[in-house]
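The values are calculated or read from the model by the stated rules, or taken from the named source; none is laboratory data. Computed from a predicted structure; not experimentally measured. Heads up, the Cβs are rebuilt from the backbone with ideal geometry, glycines too, and the neighbour counts pull from every protein chain shown. SASA here: full protein model, heavy atoms, side chains in, ligands and nucleic acids out. Shrake-Rupley method; radii C 1.70, N 1.55, O 1.52, S 1.80 Å.
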Amino acid sequence: MAPRAENDVVAGLVATVRADLAAAADPAKAEPMRAYMKSSMPFLGIPTPQQRPIYRRVFAEQPLASFEAWRAAILLLWREARYREERYAAVALAGDRRYRAWQTLDALPIYEEMIVSGAWWDYVDAIASLVGALLSAYPTPMRAAMLAWSRDADLWKRRVAIISQRHCGAATDQALLFACITPNLADREFFIRKAIGWALRQYARVEPEVVRAYVREHADEISPLSRREALKHVADAAEG
């Protein structure tokens with residue numbers, strides 16, 4: 001497809017998403033949603049279950065033919081969003097199954113931009129799942145990236161490094177998990193402490209004794225919040 005035609009497709013998809021979201025807006029829900037999320041960006045007032053059919057329909061009706069078009073559409077939705085639902089649409093497009101083949105290392109800078117500029121848990125936790133898929137597909141380069149992110153000044157990149165394996169179960173790279181958590185144990189930021197507890201709790205589903213031992217080993221460093229979350233479903237959680 002010629003570049004101009006491809007640009008038209010991208011612009012058309014973005015315009016349709018915006019128009020369909022605007023048509024579904026519920027002003028009565030918009031302010032409560034904004035207040036709950038503590039968001040400076042306004043909401044249209046569309047709950048998640050009502051957003052998903054819009055995305056599915058538009059993405060199916062207006063397919064993107066190249067990685068470049070996919071990236072451009074994601075970033076256009078993201079960067080020019082006036083409402084938070086438009087950014088949710090960008091995240092949904094990034095994770096759409098039709099574009100699974102484009103979930104390569106070239107996608108990581110897209111996700112990094114969204115993580116840093118989004119800087120809140122609703123965006124970041126969804127994008128962390130996409131980063132986790134890259135980690136599974138490209139373990140060597142992504143392992144290096146997550147180790148770097150775990151020590152980054154940006155707390156949201158550190159959160160992603162910590163929780164990126166939360167869906168991996170028995171396939172979790174234990175050494176990487178602990179290498180990403182340990183430098184952050186002393187961090188007083190709530191979203192880091194919560195991430196540590198969440199990541200450990202998920203790993204405890206397959207390796208409870210390993211998690212218990214890790215918590216015990218780092219008893220002087222791990223926060224009460226992280227410890228409580230880590231051992232929530234581990235027998236004798238009060239031990240140690």
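Observations on the model:
- Qualifying residue in the stretch 60-69 (condition: assigned to a helix (DSSP H, G or I) and farther than 24 Å from SER117 by Cα): yes
- Qualifying residue in the stretch 2-9 (condition: assigned to a helix (DSSP H, G or I) and among the polar types (S, T, N, Q)): yes
- Breaking point among (1) at pLDDT 95 or above; (2) on the phi > 0 side of the Ramachandran plot, for ASP236: (1)
For every residue, the table says whether it meets (1) open to solvent by less than 70 Å² (accessible area, probe 1.4 Å); (2) in a helix (DSSP H, G or I).
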| position | (1), (2) |
| --- | --- |
| ASP187 | yes, no |
| PHE191 | yes, yes |
| ALA199 | yes, yes |
| VAL210 | yes, yes |
| VAL215 | yes, yes |
| ARG227 | yes, yes |
| LYS232 | no, no |
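- Any hit, the stretch 28-35, residues being open to solvent by 50 Å² or more (accessible area, probe 1.4 Å), more than 16 Å from ALA126 (Cβ to Cβ), in a loop (DSSP other than H, G, I, E, B) and not hydrophobic (A, V, I, L, M, F, W, C): no
- Take the conditions (1) more than 16 Å from ALA128 (Cβ to Cβ); (2) touching a residue at least 60 places away in the same chain (Cβ under 8 Å); PHE191 misses just one of them, which is (1).
- Among residues of the stretch 75-89, those that are open to solvent by less than 10 Å² (accessible area, probe 1.4 Å) and within 12 Å of the chain's Cα centre (by Cα), counted: 0
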